[in-house]
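A short write-up of the structure that comes next.
The values are calculated or read from the model by the stated rules, or taken from the named source; none is laboratory data. Because the structure is a prediction, the values reported are computed rather than measured. We place every Cβ from the backbone using ideal geometry, glycine too, and count neighbours over all the protein chains shown. Note: accessible area is taken over every heavy atom of the protein model, side chains too, but ligands, DNA and RNA are not part of it. Shrake-Rupley method; radii C 1.70, N 1.55, O 1.52, S 1.80 Å.
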Amino acid sequence: MRRLGISIYPEKDSAENIRAYLKNAADFGAKRIFSCLLSVDKPAEEIKEEFKAMNDYAHSLGFEVILDVAPNVFDKLGISYSDLSFFKEINADGIRLDVGFTGSEEAMMTYNPQGLMIEINMSNNTHTIDTIMDYQPDRYHLIGCHNFYPHRYSGLTLEHFTQCTRNFAKYGLHTAAFVGCNDPEAFGPWQAKEGLVTLEMHRGLPVDVQVKHMVTMGTIDDILISNCYPSKKEMDALSKVNLSMLNLEVNTVEGLPELYEKVVFGELQMNRGDINANMIRSTQTRVKFKGCNFEVFNTPDIIHRGDVCVESSLHGHYAGEVQIAKADMENTGMTNVIGHIREEEVFLLDYIRPWQKFCFTEGKIC
């Protein structure tokens, strides 16, 4: 099951503010927490006390907690890779190794008696995960997670991200990556405040659109919001994202007939297998609504990329077919344009594969 997650940084804000955020995040559907020990500079006992209290509260809300660590954190806290009891004592569910060992150590760590998940950095296109797998880890306690990048222009390219993700997916391992909210006051573990994204192409995009992109690519299991805190508007938008399939927001034309509203917003859509370059075709609606009168009500001369269309009854057996334009096309005068995909989401059309299911969410009237 794909999950939405958040990040918290206990050294950066008060426990009261973080707890309030955890409650709000649980309400909009988040299930996992990324927390960071890399930037914490306190005595071990103080860290233990603070993190245990926060983790206990997180568990009471149904969260899983993964802590980001590195070899220097092990040294600072006097922890050995062969004894991870410190992390169990603070009630973490797992640790993320920002920097790894040689492969043998990571494999051995997956057999820790505390049952902690061991998460590997996914953002380097190396043979690290292959080496770990060579040492026969407990794959049910081995997962992967990409980095985030607070400096503008430093995030991963889509090509690099895809290849790195494949390195883990080929072993059937659970994957995660980061998206970032855009509130100007949002912060992460470091000083830079230019967004905390895994993919550079996501920087500045609405956070719900970033999540939708991850969903439609289909290779990431846990999608984590990396910075604190999303605005109320962003949290509302996140609560409406379908994590099982792509849901595209459509700004509709005024006076949309009820039949068209049912066909577009009340049905599961599916791209045909015999795809073409001009449109995404969802044809099951014309079967279910066969015999209904699809009147002509909005047939502009040009259909633009991102327009959502429904064929009128003038088009015979095509009547009721739902389409999304991938390119500009001339209209025959028989195709109704019922609205337009939210502009920030239009690029997602290029990721819809043959037979892929998707749905529409009604936006504003345009």
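Here is how the numbers come out for the structure above:
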read-out: Selection within region 340-365 - in a strand (DSSP E or B) and farther than 19 Å from residue 255 by Cβ; value: 341, 357, 358, 359, 361
read-out: Of all residues making up region 299-339, the number that are part of a loop (DSSP other than H, G, I, E, B) and buried (at least 21 other Cβ atoms within 10 Å of the Cβ); value: 4
read-out: Of all residues making up region 41-56, the number that are under 28 Å from the mean Cα position of the chain (by Cα) and open to solvent by 60 Å² or more (accessible area, probe 1.4 Å); value: 1
read-out: Residue in region 50-73 that is without any contact (Cβ under 8 Å) to a residue 24 or more places away in the chain and assigned to a loop (DSSP other than H, G, I, E, B) present; value: no
read-out: Residue match in region 346-366 (condition: at pLDDT below 95 and either aliphatic (A, V, I, L, M) or within 17 Å of residue 217 (Cα to Cα) (or both)); value: yes
read-out: Residue list for region 104-136, filter: over 28 Å from residue 48 (Cα atoms) and not aliphatic (A, V, I, L, M); value: 123, 124, 125, 126, 127, 128, 130, 131, 134, 135, 136
read-out: Any hit, region 269-276, residues being without any contact (Cβ under 8 Å) to a residue 60 or more places away in the chain, closer than 23 Å to residue 327 by Cα and surrounded by fewer than 15 Cβ atoms within 10 Å (Cβ to Cβ); value: yes
read-out: Region 244-258 - residue that is open to solvent by 40 Å² or more (accessible area, probe 1.4 Å) and outside any strand (DSSP E or B) and, of those, nearest to residue 360 (Cα to Cα); value: 245
read-out: Considering residues of region 284-298 that are surrounded by 18 or more Cβ atoms within 10 Å (Cβ to Cβ) and in contact with a strand residue (DSSP E or B) (Cβ under 8 Å, 6 or more places away or on another chain) only, the residue farthest from residue 321 (Cα to Cα); value: 298
read-out: Restricting region 10-40 to residues that are of a type outside the set (A, V, I, L, M) and crowded, with 20+ Cβ neighbours inside 10 Å, the residue that is nearest to residue 64 (Cα to Cα); value: 32
